[in-house]
1. Could you derive backbone 3J(HN,Hα) for the stretch A:67-78 from the dihedral phi with the Karplus parameters 6.51, -1.76 and 1.60 (θ = phi - 60°), listing whole Hz in sequence and x where the residue is Gly or Pro?
2. List, in the order given, every pair from B:Lys206/B:Lys509; B:Lys83/B:Lys262; A:Lys227/A:Lys253; A:Lys53/B:Lys134; B:Lys69/B:Lys242 whose Cα-Cα distance in the structure shown is over 26 Å.
3. Under 18 Å Cα to Cα from B:Lys178, which aspartates and glutamates show up? Leave out anything in the same chain fewer than 8 places away.
4. So which GluC sites (Glu not before Pro) in the stretch B:296-354 end up in coil per DSSP with only 12 or fewer other C-beta atoms within 10 Å?
5. Enter the accessible area of A:Tyr224 (Å², nearest 10), with the probe set to 1.4 Å and all protein chains included.
6. Among the trypsin sites (Lys or Arg not before Pro) within the stretch B:259-365, which fall in a DSSP loop and have no more than 12 other Cβ atoms within 10 Å of their own Cβ?
7. List the aspartates and glutamates whose Cα sits under 17 Å from the Cα of A:Lys173, skipping any in the same chain fewer than 8 residues away.
8. Filter A:Lys5/B:Lys148; B:Lys280/B:Lys332; B:Lys31/B:Lys436; A:Lys183/A:Lys237; B:Lys189/B:Lys280 down to the pairs with a C-alpha to C-alpha distance above 24 Å, please.
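The values are calculated or read from the model by the stated rules, or taken from the named source; none is laboratory data. These numbers were taken from a predicted model, which means no experiment stands behind them. Every residue, glycine as well, gets a Cβ built from its backbone with ideal geometry; the counts of neighbours run over all protein chains shown. Calculation scope for accessible area: heavy atoms of the full protein, side chains included, ligands and nucleic acids excluded. Shrake-Rupley method; radii C 1.70, N 1.55, O 1.52, S 1.80 Å.
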Amino acid sequence: MNNGKLKIGIYELTGCAGDALLILDCEKELLDIFKAVDIQSFLMASSDNRDGKLDIALVEGSVSTEREIEELKDIRERAEIVIAIGLCATVGGIQARFTDPNEWKKKYKEVYGDIEMTHTKPVQSKPIDAYIKVDYYLPGCPIGKEQFLDLFTRAVKGTLPERYPRPVCVTCKYNENDCLLNKGIPCLGPLTADGCGSICPNHNVPCFGCWGPVEGANLTSEYYLLKEKGFDIESIKKRMANYSGTKLIDFLKQFKKESK
Amino acid sequence: MKKISVDHLARVEGNGGISATIDGKVVSDVKFSIYEGPRLIEKLTIGLTPEEDVSMSPRICAICSLSHKNAVLRSMENALNIKIHPKSYLCRELMHMGEMVESHSLHTYYLSLPDYLGYPNAIAMASDFELEVKIALEMKHFANHIMKVLSGRYIHGENPIIGGFGTFPSRDELIFIKNRAIQFMPFVKKTVDLFCTLDYPDVPEKETIYACCEPGNSNYGFWGDEILLSTGEKFFRDDYQKLTNEFVVSHSYCKRSRYKGKPYSVGALARVNNLGERFKGETGKMYKKYFNKRWHVNPLFHNAAQALEISYCFERIPELVDEILKYEEDPKAVKYTAKSGKGTGLVEAPRGLLIHHHEITDGRVSLVDIITPTAQNAEDIERYCQIAAQKLLDSGKEDKIKERMELVVRAFDPCISCSAHMAEVTHTPSGSWKNKLEEIRKNSSPVYIGAGQQDRSDDACGIDIAQKLRGLGFKDVWLGSEIIRDDKLEGYTEKNTLVFFDAVDFNEKAGKITVLPLEYILTHSSISHKFVPFAASIKNLSLQKNAYVVGIQPDSVARGNKISPSVQKAVREILNHLRN
Ligand code: SF4
Ligand code: SF4
């Protein structure tokens, strides 16, 4: 460590840049953050980005080209801790919805035809842990400010926070919302990782699942809950696919097991 | 040959680069590349419900997520035949103001100003311009607040839904927004003064076509049902493809657009050029004070135009709040019964015209076409960089090229995540080359030139066409070698159009015919580089602009003197067409 400051790199692979933008949006805190740590690479905010050994690398976006695989491996080699930030890095993002390689190839062709890309070859979108070891996951599309600052301040002090093994419903109940499921509106709150503050149900809009599937939750009860309320499990699963990326496969396995 | 390249464009949203190749005295090839991977967004939502699509498609881009939201909603509501309540309409406009101010203030103060004042970034600038940096941050923060209140959260909010909103802002929240907007006015005026008087280098000056939404009723605004061009032409929303004609290039996942073969620009500068006369109030006064002819030709004025738009938004926000407050009741989202339909939504995102088109069949999304501003600007970004680089090279300032190209790219405020959007490859419908040739013949007198090499099988097809045209008694027909050797083009004027015939590898089936502008071929080496010497021998620049290449996809260009049957057939087709 140099002059006591942590060296941090923030990198963007393929995505909507929402997480980097959200970090930029921690405006008030941002100037402090830049003082407390030494930001090595942050493509959106500065034109003098340097690279080198890092204490922490935050990686946003999915891996979608060969060049990105190389970049990612290089980041892993240089960084002590790698943190995946946002839905694209943690599950592959919405672009990882075609989990079947043949389907992806077909769609790719429909979009680009047979033109060979000269600068880098495309690969099917995957989360970063498909290629490297990841030390911590910060989900969300985009990540939430509270969760980010929480993580960042802890990371600066050398520890990482525990993960959030709860579904959106938990916070939604705290917020005393009328449950949308009771009104017959299909809400993915029970199956989705918490962290957003149940924003959508707070606005009377169902959760679309943008934090990705909740891990380690007891899916049995959720399954029966949805079924009891008369929801079509097939279209719920289909809707879950939108924001589950490649993690959908594990999720469905678990869901299926529970539903036996 | 030398290559100058900026691999990672700092302070540009996303991951992209710009490069120029210098060949002696000529900047032969400028490429604006997007390194971000393909996301196939338009394919992802096929088969989903309209609601799921409305949730997902703004994920194309976080920076313009609310513009995408407004565009997808307008498109869906047109497709499903929904008329939303006036309160919802006004709230969507207010929400849009939030995104416009946030994006413009970030871009002007944080991403562009450091360039003009000579700092590497805004943080470094903060020590000398503390007040500006601080208030600009406040302004952006306020804009984020508007976005959050209306859309649910700062990025990818789900509160705007088909038919209206989930919930509406309270009276107190609206009054707060109004009062805060008024407080900003003095700083807003300073912002306009600052950005309208910056010393914008005159390096990249050139005409272009500007396109934006026609807001209607002689108003300024950020959406409409028609597209307005600086040429005066207008298209109804469903006819947007007349403007955009997308195509793919091999150095970028970002698709490109040209209007009648020419690059065009969208964005704040396009809007101010097309609609600036409609500004009222303080903004109108400042527009009159600062707008001048250079704004027509210099893309660096994007920053000045953005400042004027910030001012427009700050004047419009209090008005909007008053109009919204007239409706006390919160309308329920309009329900719909339609199961199928087609619709288009036009919106002005901060970076320019954004088009969403959707088709719905049996309650499921069956077709999506999204055309983003950066995809439309990409061609002009390259063109202006090329002009800037060439001018610097001519005046011996080669060392400035890199920096200046970055400045040009940044002025366009390209958003690279939005350019990594995908649309269907529409292969040129067969026969469209005929229309193009007809257009050329109707509007000017063509000069035909056969290019290529006699001894390289299919590459001889251009020469073959020229010789046969001569045989048929056509005047103004030349061989490539004659032009380069003997200055045959002297005496032709801008009333003439140069039409080259050649074998061009554009990745198609052998024998397929296409018509491309020469300028396009010159800047895309992946297609063909042998036109560079021609360009050099066309001394009259307006002629160079008025030049096209009729290309036939070759089967083989190996050494040999036989033209393959498929290419022979294409040659006959072209001759038959020209004879009639
Ligand atoms: S509204 Fe959605 S998130 Fe809230 S409790 Fe019900 S299911 Fe859970
Ligand atoms: S409620 Fe669901 S869809 Fe809405 S922000 Fe939270 S996780 Fe995302």
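1. These are the phi-based 3J(HN,Hα) values: 4, 5, 4, 4, 4, 5, 5, 5, 4, 4, 5, 8 Hz.
2. B:Lys206/B:Lys509; B:Lys83/B:Lys262; A:Lys53/B:Lys134
3. In chain and number order, the partners are B:Glu93, B:Glu99, B:Glu102, B:Glu138, B:Glu282, B:Glu309, B:Glu315, B:Glu319, B:Asp322, B:Glu323, B:Glu328.
4. On the way: sites: B:Glu309, B:Glu315, B:Glu319, B:Glu323, B:Glu328, B:Glu329, B:Glu348; in loops: B:Glu328, B:Glu329.
Filter output for the stretch B:296-354: B:Glu328, B:Glu329.
5. The accessible area comes out at roughly 100 Å².
6. Details: sites: B:Lys260, B:Arg271, B:Arg278, B:Lys280, B:Lys285, B:Lys288, B:Lys289, B:Lys293, B:Arg294, B:Arg316, B:Lys326, B:Lys332, B:Lys335, B:Lys339, B:Lys342, B:Arg351, B:Arg364; in loops: B:Lys260, B:Lys280, B:Lys293, B:Lys326, B:Lys332, B:Lys335, B:Lys339, B:Arg351.
Those that pass, being in a loop and sparsely packed, are B:Lys293, B:Lys326, B:Lys332, B:Lys335, B:Lys339.
7. By straight Cα distance, A:Lys173 reaches A:Asp194, A:Glu222.
8. Values: A:Lys5/B:Lys148 34 Å; B:Lys280/B:Lys332 34 Å; B:Lys31/B:Lys436 26 Å; A:Lys183/A:Lys237 20 Å; B:Lys189/B:Lys280 14 Å.
Those over the limit are A:Lys5/B:Lys148; B:Lys280/B:Lys332; B:Lys31/B:Lys436.
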